[in-house]
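To keep things clear, I will list the structure first and then write my remarks on it.
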Amino acid sequence: MAYTKEDFKQLVQDIQAQSWYKNPIGFGIARVDRGQLNSDKILQATYPIINWEENYGSAAVLLNALKEAGEEVDTSKTELVCNLSDKFLASCVEAFRPYIPEAKGDEHKNVQVISTLASLPIDSGLTADDYKVVFIFEDEAVNSVEAAYLKLYALSTGKAKLRSLNLNGIFGALHNCAWVGNQPIELDWLRANEIVLKLSGKYPTIDMVDKFPRFLSHVIPADNTRILETSKVRFGAQLAGGTTVMPGAAYINFNAGTEGSVMVEGRISSSAVVGAGSDVGGGASILGVLSGTDGVPVSIGENTLLGANSCTGTAIGDSCILDAGVTILPGTKITLSEKAVAALKEINPDKEISTVMKGSDFQGVNGVHFRVNSQTGQTIAMRSTREVKLNADLH
Amino acid sequence: MAYTKEDFKQLVQDIQAQSWYKNPIGFGIARVDRGQLNSDKILQATYPIINWEENYGSAAVLLNALKEAGEEVDTSKTELVCNLSDKFLASCVEAFRPYIPEAKGDEHKNVQVISTLASLPIDSGLTADDYKVVFIFEDEAVNSVEAAYLKLYALSTGKAKLRSLNLNGIFGALHNCAWVGNQPIELDWLRANEIVLKLSGKYPTIDMVDKFPRFLSHVIPADNTRILETSKVRFGAQLAGGTTVMPGAAYINFNAGTEGSVMVEGRISSSAVVGAGSDVGGGASILGVLSGTDGVPVSIGENTLLGANSCTGTAIGDSCILDAGVTILPGTKITLSEKAVAALKEINPDKEISTVMKGSDFQGVNGVHFRVNSQTGQTIAMRSTREVKLNADLH
Amino acid sequence: MAYTKEDFKQLVQDIQAQSWYKNPIGFGIARVDRGQLNSDKILQATYPIINWEENYGSAAVLLNALKEAGEEVDTSKTELVCNLSDKFLASCVEAFRPYIPEAKGDEHKNVQVISTLASLPIDSGLTADDYKVVFIFEDEAVNSVEAAYLKLYALSTGKAKLRSLNLNGIFGALHNCAWVGNQPIELDWLRANEIVLKLSGKYPTIDMVDKFPRFLSHVIPADNTRILETSKVRFGAQLAGGTTVMPGAAYINFNAGTEGSVMVEGRISSSAVVGAGSDVGGGASILGVLSGTDGVPVSIGENTLLGANSCTGTAIGDSCILDAGVTILPGTKITLSEKAVAALKEINPDKEISTVMKGSDFQGVNGVHFRVNSQTGQTIAMRSTREVKLNADLH
């Protein structure tokens, strides 16, 4: 008797009805890199595909297969990291059977992962120990490397919104490694082997030493996205399609990024977000919550230009311009002419605009041009030349 | 009867006298990288040697050999991209015969290319499909990847002057790829193979995602030129001998660069050119035509210092100094004392100098020191301490 | 009769008592990379371990073994670079015999080097020509590549203090090379092979062109040190444990670095040093002696914050703040209120503080907050909010 898609759906319902079952927030199967000296240390988790608030049927199958394979499946914890086994794979293959023929291209990625694992050639040198099955049930502080990576994938693939995830504990969870391309190496292993490696001409070319990998080691960007140097985007950053990251002074940290097509030639610090159509000029700096802001993560609106070597420590609205070299910190006192006040009130009818404002007063104010008057040294604000779309609801 | 150099010259004359023949602006033979999924897509063209307004004898031989090999040779088009074949190679070898013995070192590079192609070992895995014979007859908008690369080579090898070539259409012609070292990879191929590559531990280390390769993937710099990080110079940039590019905030875009020994620790945007003996300080920004200038490409004169984190959006003369942190945009109002006006008039007798000038008024004015008065905040200009060589023709 | 540790000590004493003997400042055994065209040209020297004002017993053994092997050992020169031979190795193994069993982990690194060399597999392709035994007897100008590297190692491993070594002549001693990872390549070799390499698809991926290698090609940083991009730290830099170097606009040149846990997102030019607990903000620039300073190497104190895109051309004390975008050059005139003068005098009782000071007057002054008044453009100094530890000896 053939096992059908109907049978699959019934199986999922049966699993989901069991008392131990709980829908995860995210899950996936990762290949893990282990420490060269200490193989219990997980240095990196590479997910071919992650699931985030989706594909609960696959989640049910995987959790059930883990139970059948004898793994302890405790869904009351915030994270679950299980070993992969032949029994687990066999159970998954059995459940996914009706989907296997059509699991190609963009279809049924989780099934493709299982099929691929079930058919990995023996001579690949990889064993079940090189994989982990990972679930996150609650968005709490990070406990494991595997869960840390799952959250970073959720951010970098755009499946979770920037700033929406609890990343507390992530620096403690991740290990500082030397990286040779995508491969993490324990620093202690390098130390233990330094003499032999150097004398034999086999000392590796270290690309970086960090706890986080690079974005491009894990994520394939959109066709119209460009990253001119891999070191410029940390894993955990999010880049909307059409974003370009130049190799000069640019950097996008984890949990930071762009919400649309943005030209990035400057720094987007952790927790900062830049809106569609904006331009972060060469050497421009958007400060993070730990350095120069008043603790509020900085958002830059849409269609806004941060000039070369400008610096922003507070939120900036849509269609604004910061002239090259201008610094706006939360406490910067900015002078406006009566004409500028009137012009800005016209397009920001619900905002307080006055002749002297602090940087932090400009949150949500659109169409502002920030300049330094080169004859007086005064930092001023006026109406920018950029078009501002008024919120239709307000008029 | 021996075929001699005289015979070669006669052959060339005969070819050049034919009605279809036309001297090309540039030509060369490239190894091409094809798409992994779509082999008709040319991702990159690597030229061992290019010819630019030179070596018309070789051009005639190659064009004639293409005709003999049955290729369609239409010299009325702006670009010609032909397939390479054994017949083409045989015809070239026959024509170049008297030069083959002496084609070594710097002599007869085109003959060396033909000899090398004729003797590539079969086990190299390379076939005639991996090469193209490319000509540009008119400097019009770019149509093909092969011609785009030929123009970028002309710029980066210094055979064509910066800003002298028509690069319209180049962004449309080039494909956005993932790059593993010098090797371009289709993003769609990565997507199609992501699961297998990641699970088998063979996911490649992506160095960048861009339409352009890096300068050092195609060009060997002069002995006294230094590029401390390959990502800092895009292919299509031009670096005169003695230029040093530091790895901090530096970047030199395509169709931009230096005309002599220059220290580059800042950004030289596309279309900007810096004169010999000048210094682009750490984080200094020379704006491109699309960002902050008035549309005129920025030239920086000779022996000029752009201080750290300064910003220039307009042309600056010889022997000038921009203090660290100073921004000069085309519209920046700059104040000069009467003494400064007199001192600058003395070395710029043919220029208008007055007590208030805009940034764009300083085009061609030499010996200017731009500062911000730290007691008043005023942007001022005065006579720089740098020696200015007066134009002998004017005195 | 067994050869014992006592015998070893006696041997060392005997050697040291000889008239030719002299304790070296530094020594080590390096694997050298030779030119591909010119094998007499040493392109790089890689030391598995260096000795700096230490381990004179091993120095004596090595020098004696060189003499026994027929090498000319002239300890009156500033540098000694000798060939390694089987005879030299045999002599060293004989002398070090009682230490060989315990030469593991961190113990007896020099003995480990000798043992490793004595047991290198023949199929490694390496011969005695690939190694040099190197001594520095006087800290004079650099003459050889091998001694240059020994000094750079002394700096980068922290065995010698920053600015403490004579590095004159180092640019003349080192060769400008193309680097493929850790491997230097002569530019002339690339030129000689460009056609074959490019046509056969074997042109190497050049990471940089420079005289100096990168820090991470030679040094393993502390467990709590992070370098997010290898190009950002030149060999010869010194990074105290806990230092983090970000990949945006950061750069640390040779003979420059940090004295404690420092966040580096900006430039630390050659000869500049940053104290523990300080923060070099994104794009901040600490100038070197050749660019914008008054010739005095710049020191930044402890617990000091250089804001994003700030620029410093003069020494700054402990617990200071430079606001984002502020430039302090030696000649910058800075205005202080009477209140600021009083507050700064209180914590700097031995310093001259007045209402107008130049940037260079602030050397050794702690607790200063440098700002630009955004309403007047005036550069001002006031008491910073950072805690200053008063020198107990002064009170």
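The numbers here are math on the coordinates, done by the rules we state, and not lab data. Just so you know, these numbers come straight off a predicted model, no measurement behind them. Here the Cβ is made from the backbone with ideal geometry for all residues, glycine too, and neighbour counts use every protein chain on show.
Calculate the dipole size of the protein assembly as shown relative to its Cα centre from +1 charges on Lys and Arg beta carbons and -1 charges on Asp and Glu beta carbons; express the result in debye to the nearest 20.
Working: 105 positive and 135 negative charges, 386 e Å.
Computed about the Cα centre, the dipole is about 1860 debye.
In straight Cα distance, which lysines are under 20 Å from A:Lys339, not counting same-chain residues fewer than 8 positions off?
The qualifying lysines are A:Lys351, A:Lys358.
Anyone know which of B:Leu80, B:Leu305, B:Leu197 comes out most mobile in the 10 Å Cα GNM of chain B?
For chain B, modelled as a Gaussian network with Cα springs under 10 Å, the answer is B:Leu197.
Can you give me the relative contact order of chain B as a percent, contacts being Cα pairs under 8 Å and 6 or more apart?
Computed value for chain B: 9 percent relative contact order.
Looking at the stretch B:259-395 only, what percent of DSSP beta bridges run antiparallel? Nearest 5 please. Write out the running numbers ahead of the final one.
Working: 8 of 26 bridges.
Taking every DSSP beta bridge within the stretch B:259-395, about 30 percent pair in antiparallel fashion.
Would you mind computing, in nm to one decimal, how far apart the modelled labels at C:Ala17 and B:Gln10 are, each placed 7 Å from Cα along Cα→Cβ?
The two pseudo-label positions are separated by 9.1 nm.
Find which of A:Asn38, A:Gln183, A:Tyr203 sits farthest along the positive direction of the dipole of chain A, computed with +1 on the beta-carbon of Lys and Arg, -1 on that of Asp and Glu, about the Cα centre.
Highest projection toward the positive end goes to A:Tyr203.
Quick check on the stretch A:75-202: take the gyration tensor over C-alpha atoms, sort the square-rooted eigenvalues as a ≥ b ≥ c, and tell me if it's rounded (a/c under 1.5), prolate or oblate.
Values: a/c = 2.13, a/b = 1.26, b/c = 1.69.
Taking the square roots of the gyration eigenvalues as a ≥ b ≥ c, the stretch A:75-202 is oblate.
Lysines near C:Lys161 by alpha-carbon distance under 17 Å, same-chain residues fewer than 8 away left out - which ones?
C:Lys151
Hey, quick one: spin label on A:Thr157, modelled 7 Å out along Cα-Cβ, who in the stretch A:222-261 has an amide N within reach, i.e. under 17 Å?
Within reach of a label on A:Thr157: A:222-223, A:235-241, A:255.
Output the relative contact order of the stretch C:198-279, whole-number percent, from Cα pairs under 8 angstrom with separation of 6+ residues. Before the final figure, lay out the partial values.
On the way: 174 pairs, mean separation 17.3, N = 82.
Dividing the mean separation by the residue count of the stretch C:198-279 yields 21 percent.
Assigning unit charges at the beta carbon (Lys, Arg +1; Asp, Glu -1) and nothing else, what dipole magnitude in debye, to the nearest 20, does the stretch A:215-394 show about its Cα centre?
Working: 13 positive and 16 negative charges, 71 e Å.
Approximately 340 debye in magnitude.
Taking springs between alpha-carbon atoms closer than 10 angstrom, which of C:Ser384, C:Ser200, C:Ser269 fluctuates most in the Gaussian network model of chain C?
Judging by the Gaussian network model, the answer is C:Ser200.
Measuring from a point 7 Å out along Cα→Cβ, what nm distances, shortest first, does C:Ser19 have to its partners in the other copies?
Computed spacing set for this position: 9.6, 9.7 nm.
If we count other beta carbons within 10 Å of each Cβ, what is the order of C:Thr293, C:Thr335, fewest first? Show your work: numbers first, answer last.
Numbers: C:Thr293 23, C:Thr335 16.
Ranking C:Thr293, C:Thr335 by Cβ neighbours within 10 Å, fewest first, gives C:Thr335, C:Thr293.
Given the pairs C:Lys109/C:Lys211; A:Lys22/A:Lys67; A:Lys202/B:Lys198, which are separated by over 21 angstrom at their Cα positions?
Values: C:Lys109/C:Lys211 28 Å; A:Lys22/A:Lys67 14 Å; A:Lys202/B:Lys198 25 Å.
In this structure, C:Lys109/C:Lys211; A:Lys202/B:Lys198 lie more than 21 Å apart at Cα.
Zone of B:Asp223 (label point 7 Å along Cα→Cβ, backbone N under 19 Å): which residues in the stretch C:185-224?
The answer is C:185-194, C:209-212.
Put +1 on the Cβ of every Lys and Arg and -1 on every Asp and Glu Cβ in the protein assembly as shown; which of B:His108, A:Asn373, B:Ser119 then has its Cα farthest towards the positive end of the dipole?
Positive-most Cα among the choices belongs to A:Asn373.
Among the DSSP beta bridges whose two residues both lie in chain A, what percent are antiparallel, rounded to the nearest 5? Don't skip to the answer; put the middle values down first.
Working: 34 of 63 bridges.
Among the beta bridges of chain A, antiparallel pairing accounts for roughly 55 percent.
Considering the rotation that carries chain A onto chain B, locate the chain A residue whose Cβ comes closest to its axis and report the distance in whole Å.
A:Gly377, 1
According to the square roots a ≥ b ≥ c of the eigenvalues of the Cα gyration tensor, what is the shape class of the stretch C:217-283, taking rounded for a/c under 1.5, prolate for a/b larger than b/c otherwise, and oblate for the remainder? Don't skip to the end; give the middle numbers.
On the way: a/c = 1.15, a/b = 1.07, b/c = 1.07.
It is rounded, given that a/c, with a ≥ b ≥ c, falls under 1.5.
Could you work out the local net charge near C:Leu190, counting Lys and Arg as +1, Asp and Glu as -1, over the other residues with Cβ closer than 12 Å to its Cβ? Let's see the in-between values first.
Numbers: positive: C:Arg191, C:Lys198, C:Lys202; negative: B:Asp223, C:Glu186, C:Asp188, C:Glu194.
Cβ neighbours under 12 Å give a net charge of -1.
Can you give me the relative contact order of the stretch A:5-173 as a percent, contacts being Cα pairs under 8 Å and 6 or more apart? Display every interim value, and only then the final one.
On the way: 262 pairs, mean separation 48.3, N = 169.
Taking the mean separation of contacting Cα pairs over the length of the stretch A:5-173, I get 29 percent.
Taking a ≥ b ≥ c as the square roots of the eigenvalues of the Cα gyration tensor of the protein assembly as shown, is the shape rounded (a/c under 1.5), prolate (a/b larger than b/c) or oblate? Don't skip to the end; give the middle numbers.
Working: a/c = 1.08, a/b = 1.08, b/c = 1.00.
Because its axes are fairly even, with a/c under 1.5, the protein assembly as shown counts as rounded.
Rounded to the nearest 5, what % of the DSSP beta bridges within the protein assembly as shown are antiparallel ones?
Values: 105 of 192 bridges.
Percent antiparallel among DSSP bridges in the protein assembly as shown is about 55.
Measuring label to label, 7 Å along Cα→Cβ, what does B:Asn373 give against each other copy in nm, shortest first?
Distances between equivalent label points, in nm: 1.5, 1.5.
A:Thr335 versus C:Glu102, label points 7 Å from Cα toward the beta carbon: distance in nm?
A separation of 7.6 nm, rounded to one decimal place.
On a full-extension model of 0.36 nm per residue, what is the gain between B:Ser119 and B:Ser76, subtracting their alpha-carbon distance, rounded to one decimal in nm? Before the final figure, lay out the partial values.
Working: separation 43, 0.36 × 43 = 15.48 nm, distance 3.28 nm.
So the chain would gain 12.2 nm between B:Ser119 and B:Ser76.
Could you state the number of Å between the C-alpha centres of the stretch C:150-184 and the stretch B:64-140?
Here the answer is 45 Å between Cα centres.
Could you list A:Arg214, C:Arg191 in order of exposure, starting from the residue whose Cβ has the fewest other Cβ atoms within 10 Å?
Details: A:Arg214 28, C:Arg191 14.
Placing the least packed residue first, the sequence is C:Arg191, A:Arg214.
Quick check: residue separation of A:Thr385 and A:Val356 times 0.36 nm, minus the Cα distance between them. What number comes out in nm? Mind dumping the intermediate values first?
Numbers: separation 29, 0.36 × 29 = 10.44 nm, distance 2.10 nm.
Computed gain between A:Thr385 and A:Val356 is 8.3 nm.
Measuring from centroid to centroid over Cα atoms, what is the spacing of the stretch A:214-247 and the stretch A:262-333 in Å?
Centre-to-centre distance over Cα atoms comes out at 19 Å.
If you take each beta carbon of peptide C:260-269 and count the beta carbons of other chains within 10 angstrom, what is the mean?
Values: counts 0, 0, 0, 2, 0, 6, 8, 10, 1, 5.
Per residue, the number of nearby Cβ atoms from other chains is 3 on average.
Provide the net charge surrounding A:Ala160, with neighbours chosen by a C-beta distance below 10 Å and charges set as Lys +1, Arg +1, Asp -1, Glu -1. Write out the running numbers ahead of the final one.
Values: positive: A:Lys151, A:Lys159, A:Lys161, A:Arg163; negative: A:Glu53, A:Asp139.
Overall, the nearby charge balance is +2.
Most fluctuating residue of B:Trp52, B:Trp189, B:Trp179 in a GNM of chain B with Cα springs under 10 Å: which is it?
B:Trp189
Taking C:Pro121 in one copy and the same position in all the others, each labelled 7 Å out along Cα→Cβ, what are the pairwise distances from the first, in nm, shortest first?
Label-point distances to the other copies, shortest first: 2.3, 2.3 nm.
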